[in-house]
Amino acid sequence: MSEKDTSSVNAPDAALEWAKLWQTMAESSNRIVEAWSGSMAPFVLARLSERPGGFGDGNEISAAIERMAQGPRLADVWDIDRKMALAFGAWIEMRQRLASYSAVASAPWAEASKRFLAAMSATGAGPAPDSNWRETFAKWSEISNEELIRNQRTDSFLQAQKELLQAGLQLRSRQDDVAEAVAAMLGQPTRKDFDEVTRQLTELRREVRALERLVQAQNPDPRHAERAE
Amino acid sequence: MSNQENKASRFVRDMAANTEKMLRATELIARTRDEDVNIGTTPKRLVMRRDKVELFHYEPMAEATARTPVLLAYGLIGRYTMADLQPDRSLVRSLLSKGLDLWLIDWGQPGRTERWLTIDDYVDDYIDAAVDRIRRDTGHDRVTLLGICEGGVFTTCYAALHPEKVQNLVLTITPIDFHADVKDEAAHHGFLNIWTRSLDPEDIDKLVDTYGVLPGEFMSSVFSMMTPMRSLTKYNVDLIDVVDDEAKFMNFLRMEKWLADRPHHPGEAAKQWLKELYQENRLVHGNFVLSGRSVDLGSITAPVLNVFALDDHIIPPDCSRTLGAKIGSNDYTEIPLPGGHVGLFVSSKSQGKLSQSIADWLLARDATFASKA
């Protein structure tokens, strides 16, 4: 069998090896994360970004819930249920925006794969990996990085991300509404109460410090002025 | 065996070896405790506390060469520990070893309690209080300000609003023209500018009103997006490069610790930062207002040193360069250095260049000041 023929037969094997090794790498990464959970995890885990999950469906559902929840209000009767329905509607909306974002964000991988295969073919390596794994990976990484960055600067990506952010904030805001209602029912101070207290505290500090500066301004040598610290 | 089979075989062997290295990295990480990874260790003394903000004075490491005390101010995105990551990669330590009298303002860990703080508070209250305290403790009428990134914007504003208290202004990786990223053709530069402009002002309001802050985790995810493949590979493939070298491995962990220590940005100050500066570009247009006064860059009369990184993907160089044409001072020096936003401070290649540039420039000004005195 000629070398050309061997190459065509071995290519799927090499691809299979590649897939297996990537799986091993992924498993190793998981083990690393597990190990970190006992040591460096408190801050590392906090930094893991939320991974996009499945594809939500149900724009109509969220719209219907919205209409129901925004319907005539009967004083405070069913107010919690109304708020929870709104939060659920916002969750559905957020899932849908997440799906749209995931679709836009994953688009460059196909282009990166195409470019990578072309680059490998151009070097004469064909679809099989080159002998130097790190060089091959570096090429893949470089191409992928370029494509991901190119995609991030497109209007469609920025728009999808903005809509996801808006939906996420709407969900969080409606969850806060539920929490506020529950806290109010239990006679507990709410987050809005906390914000109001800190606002007053901040303004009070500013007033005190403005007065302090006024007093200092009357001191001829500011280098010797004492501040309340 | 054919040539192609040899390649595939070598490839598989390489991968097996690398997988083994990753397993060793796992064991190494499992053995390393949080307290083993120390950053910001250069000795310093707490001088003043104001709310959550603390003023520190670093212990001298060499005979004094510069007369004027230097106040280092980092931004609210990230922490000052980037300037003191580890003993052999520390701007702080390097400046101290050159005989500078170094002070540090640490913003602490702002949370929802700091929601209502504005940049006005940071510039006209916290920095002003720190400057006054240094003036009082040292007997100097003026101090030198050394600002990093957002801290550079704060110190720039301070120098414009309180020129009588500023001896020199040293800026590093500081954005002045927030729209100058459009001049930069490098595709990986300026995503933060583009991303912020893509948002509606109401989105920023809602983000801050919902969380009370600009969440640190949120900004971390935006920064991760700016180096996408690096973010995907650093906990797996990249570990292969450091696992055999304990020093490199610890460098990696220290860097991770700094990256993870990203405090929340106070809410109202974040609105100013993102809307008034990133979106509306008010600082360079002269309509950025703090405490009822417009920040006029032309009012900066102190000598200015502006250092920026040529491959800064977060603050494109052109965003920093603009300052020279806007200030009132005739003594303006620009030093472009190779490297990136963080690399300028922590990479082994850049060690010494930044601190030497700053020290040389400052000592020249301090000598001038001394002779005049």
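The values are calculated or read from the model by the stated rules, or taken from the named source; none is laboratory data. Being a predicted model, the structure only gives us computed values, none of them experimental. Neighbour counts are summed over all protein chains in view; Cβ atoms, including those assigned to glycine, are modelled from backbone coordinates with ideal geometry.
Residue B:348 versus (1) at pLDDT below 95; (2) under 16 Å from the mean Cα position of the chain (by Cα): which is the lone unmet condition?
(2)
Given B:178, B:154, which one is more than 11 Å from every other protein chain (Cβ to nearest Cβ), part of a loop (DSSP other than H, G, I, E, B) and touching a residue at least 12 places away in the same chain (Cβ under 8 Å)?
B:178 is the lone residue from the list that is more than 11 Å from every other protein chain (Cβ to nearest Cβ), part of a loop (DSSP other than H, G, I, E, B) and touching a residue at least 12 places away in the same chain (Cβ under 8 Å).
In segment B:189-205, which residue that is surrounded by fewer than 19 Cβ atoms within 10 Å (Cβ to Cβ) and within 11 Å of another protein chain (Cβ to nearest Cβ) is farthest from residue B:341 (Cα to Cα)?
Filtering segment B:189-205 for residues that are surrounded by fewer than 19 Cβ atoms within 10 Å (Cβ to Cβ) and within 11 Å of another protein chain (Cβ to nearest Cβ), the one farthest from residue B:341 (Cα to Cα) comes out as B:202.
Go through B:182, B:237, B:213, B:243 for me and flag whichever is among the β-branched types (Val, Ile, Thr) and under 20 Å from the mean Cα position of the chain (by Cα).
After ruling out the rest, the residue left standing is B:213.
For the structure I just gave you, tell me whether residue B:67 is more than 28 Å from residue B:341 (Cβ to Cβ), assigned to a helix (DSSP H, G or I) and not small (Gly, Ala, Ser).
When the stated conditions are applied, residue B:67 does not pass them.
In the set B:50, B:89, B:45, B:79, which member is farther than 29 Å from residue B:272 by Cβ, of a type in the set (Lys, Arg), in contact (Cβ under 8 Å) with a residue 40 or more places away in the chain and assigned by TED's automatic domain parsing to the domain that holds residue B:144?
Checking each option against the conditions leaves just B:89.
Hey, any hits in segment B:260-274 for a residue that's surrounded by fewer than 19 Cβ atoms within 10 Å (Cβ to Cβ) and under 29 Å from residue B:85 (Cα atoms)?
Yes: one or more hits.
Is it the case that some residue within segment B:56-64 is on the phi > 0 side of the Ramachandran plot and assigned by TED's automatic domain parsing to the domain that holds residue B:105?
Among the residues of segment B:56-64, not one is on the phi > 0 side of the Ramachandran plot and assigned by TED's automatic domain parsing to the domain that holds residue B:105, which makes the answer no.
Let's see how each residue does on (1) under 26 Å from residue B:53 (Cα atoms); (2) more than 17 Å from the chain's Cα centre (by Cα); (3) assigned to a loop (DSSP other than H, G, I, E, B); (4) touching a residue at least 60 places away in the same chain (Cβ under 8 Å):
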site: B:270; (1), (2), (3), (4): yes, no, no, yes
site: B:273; (1), (2), (3), (4): yes, no, no, yes
site: B:276; (1), (2), (3), (4): yes, yes, no, no
site: B:283; (1), (2), (3), (4): yes, yes, no, yes
site: B:287; (1), (2), (3), (4): no, yes, yes, no
site: B:301; (1), (2), (3), (4): no, yes, yes, yes
site: B:308; (1), (2), (3), (4): no, no, no, yes
site: B:313; (1), (2), (3), (4): no, no, yes, yes
site: B:320; (1), (2), (3), (4): no, no, no, yes
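For residues that are away from chain A (no Cβ under 13 Å) and among the aliphatic types (A, V, I, L, M), scanning just segment B:256-283, find the one that is farthest from residue B:327 (Cα to Cα).
Ranking the qualifying residues of segment B:256-283, first place goes to B:270.
Name the single residue that is surrounded by the most Cβ atoms within 10 Å (Cβ to Cβ) among those in segment B:208-223 being closer than 13 Å to residue A:176 by Cβ and within 7 Å of chain A (Cβ to nearest Cβ).
Our first condition is that a residue be closer than 13 Å to residue A:176 by Cβ; within segment B:208-223, this holds for B:209-212.
Next, from what is left, pick out any that are within 7 Å of chain A (Cβ to nearest Cβ): B:210, B:212.
Working: B:210: 19, B:212: 21.
Among those residues, the one meeting the criterion is B:212.
Of these, B:71, B:55, which one is buried (at least 20 other Cβ atoms within 10 Å of the Cβ), of a type outside the set (Gly, Ala, Ser), under 28 Å from residue B:365 (Cα atoms) and in contact with a Lys or Arg (Cβ under 9 Å, 6 or more places away or on another chain)?
Values: B:71 fails: in contact with a Lys or Arg (Cβ under 9 Å, 6 or more places away or on another chain).
Result: B:55 is the single residue among B:71, B:55 that is buried (at least 20 other Cβ atoms within 10 Å of the Cβ), of a type outside the set (Gly, Ala, Ser), under 28 Å from residue B:365 (Cα atoms) and in contact with a Lys or Arg (Cβ under 9 Å, 6 or more places away or on another chain).
Within the group B:141, B:101, B:184, B:106, which residue is within 10 Å of chain A (Cβ to nearest Cβ) and of a type in the set (Asp, Glu)? It would help to see each step written out before you state the result.
Numbers: B:101 fails: within 10 Å of chain A (Cβ to nearest Cβ); B:184 fails: within 10 Å of chain A (Cβ to nearest Cβ); B:106 fails: within 10 Å of chain A (Cβ to nearest Cβ).
Criteria check complete, one pass: B:141.
For the structure I just gave you, tell me whether residue A:143 is touching a residue at least 24 places away in the same chain (Cβ under 8 Å), crowded, with 17+ Cβ neighbours inside 10 Å and not aromatic (Phe, Trp, Tyr).
In short, yes.
Out of B:236, B:306, I need the residue that is at pLDDT 95 or above and in contact with a helix residue (DSSP H, G or I) (Cβ under 6 Å, 6 or more places away or on another chain). Which one?
B:306
Please specify each residue of segment B:225-234 satisfying the condition of being in a helix (DSSP H, G or I) and either over 24 Å from the mean Cα position of the chain (by Cα) or of a type outside the set (D, E, K, R) (or both).
Listed by number, the residues that qualify are B:225, B:226, B:228, B:229, B:231, B:232, B:233.
Looking at residue B:253, is it facing another protein chain (nearest Cβ under 8 Å), more than 30 Å from residue B:159 (Cα to Cα), touching a strand residue (DSSP E or B) at 6+ places or on another chain (Cβ under 9 Å) and part of a helix (DSSP H, G or I)?
When the stated conditions are applied, residue B:253 does not pass them.
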